[in-house]
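Here is the structure we will look at.
The values are calculated or read from the model by the stated rules, or taken from the named source; none is laboratory data. Quick caveat, the model's predicted, so the values are computed rather than measured. Cβ placement follows ideal geometry from the backbone for every residue including glycine, while neighbour counts extend to all protein chains displayed.
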Amino acid sequence: MSSLKIGIAGLGTVGAATAAVIEENASVIARRTGRTLEVVAVSARERRKDRGIPLDRYRWYENAAELAVDPEIDLVCELIGGSDGVALEVVRTALAAGKHVVTANKALLAHQGATLAGLAEQQGVSLAFEAAVAGGIPIVKALREGLAANRIRRITGILNGTSNYILTTMRETGRDFASVLAEAQEKGYAEADPSFDVDGVDAAHKLCLLASLAYGCLPRFDAMRPEGIRGIKPVDIAFAGQLGFRIKLLGSARLTEAGLVLRMHPAMVPLSAPIAAVEGVFNGITVEGDRVGVAVFEGRGAGAGPTASAVVADIIDIARGLRLPTFGVPASELADRPMAPVEDLIGSYYLRLEVVDRPGVLADVAAVLRDQHVSIESLIQRGRDPEQPVTLVITTHDATEGAMSRALATIAGLPVVLEAPTMIRIEQA
């Protein structure tokens, strides 16, 4: 039985778990592939750190780029992270040396994916990234293989477990964003610097990779303007429940006649939607195909076990001899699709205002919306104390994003509006 020799660059929780899966499940993997997987070398910054696995059986490289050119290694796992620097050097060096690469690095692929995919094809090797998107959910394989016969109409997803945990806990406890974030950090669900998670950047990286797979296009992270969840307050979550919604950090991708639509922002989703039930640290993705209809995927989007499972799944495919273009079509055929103008996108909206309690306020707000051709669907008013602000909650019928943005800017400038308005998009599907 032949052996596939592996080098692991990066021995954090995922790197150590990957080595453990390969060692502990060796017999199962060998039966399923007809080959043995053998980790022969590793690289990390700190050699003496206890990672829960014996390291003396592997060759150690202080310099991960040197591991990438080790002549004994057939496949390099890049588990370092980051969109450039050492991670980019390792992947580029390994591919140029004719070695397969498996990575969990969504940021690297969102920024450099097309170039690296082209290099892999030139060298006749694989660049695989199942672990880069949604952890243990096999969504890359589903789009590239299982749903390959479909025209993908739409992808919608909760792609960041940290943000989903925060929003779930805020809803369940009524606590504010800051206190729940601190708890998530204590539990290890959020990084010391949580910006990539709570500001939507991490999830946007993943969404642009899914869009590339679905629509055969270059990753377009540069054109995205992700919005995060820092501005979501318990009062908005409570009103969402009253209106029949839950608030999620939601990514969506679709291809229209006007161009590619890639959105990452908080959204209200109906309680009846499958994705509304995806809670805590879990990820959930719905894919709508013209033949299959709606397919729903749910599972842990991060963590050592699920991510290592996805890394080793890619290694197994390579061991079996499966060779597929990184994004489903040859890199030279990836289309440079234009982005649909954001201001022309149509949707409905939730708007919360804190206003002075006096006659004519609602008429002033309604006039601004009317002037921008935004129609009110429902209205909730809370509070009747002249000494205290009154909360107005408005939901709208469909309107263009541009019209809503102009209306919001004008409403914010009204003297009767006491703080910056809160606007959340409503996802009807």
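Here are some notes:
- Residue in the range 401-429 that is farthest from Ala363 (Cα to Cα), counting only those that are of a type in the set (D, E, K, R) and in a helix (DSSP H, G or I): Glu401
- The residue that is surrounded by the most Cβ atoms within 10 Å (Cβ to Cβ), counting only those in the range 87-113 that are charged (D, E, K, R) and farther than 19 Å from Asp317 by Cα, is Lys106.
- Count of the range 291-340 residues which are assigned to a loop (DSSP other than H, G, I, E, B) and of a type in the set (D, E, K, R): 5
- Looking at the range 188-280, the helices (runs of 4 or more DSSP H) lying wholly inside it that each contain 3 or more residues that are within 12 Å of the chain's Cα centre (by Cα) and not assigned by TED's automatic domain parsing to the domain that holds Ala107 sit at 195-198, 201-215.
- Failed item in (1) outside any helix (DSSP H, G or I); (2) touching an Asp or Glu at 6+ places or on another chain (Cβ under 9 Å); (3) within 30 Å of Ala399 (Cα to Cα), with Glu343 passing the rest: (1)
- Some residue of the range 353-363 being part of a helix (DSSP H, G or I) and either in contact with a helix residue (DSSP H, G or I) (Cβ under 8 Å, 6 or more places away or on another chain) or not small (Gly, Ala, Ser) (or both): yes
- When Ala277, Ala258, Ala223 are screened for being among the aliphatic types (A, V, I, L, M) and free of Cβ contacts under 8 Å to residues at least 40 places away in the same chain, only Ala277 passes.
- Given (1) among the charged types (D, E, K, R); (2) surrounded by fewer than 23 Cβ atoms within 10 Å (Cβ to Cβ); (3) under 27 Å from Phe327 (Cα atoms), number of the condition Asp193 does not satisfy: (3)
- Qualifying positions in the range 121-146 - outside any loop (DSSP other than H, G, I, E, B) and surrounded by fewer than 24 Cβ atoms within 10 Å (Cβ to Cβ): Glu121, Gln122, Gln123, Lys141, Ala142, Arg144, Glu145, Gly146
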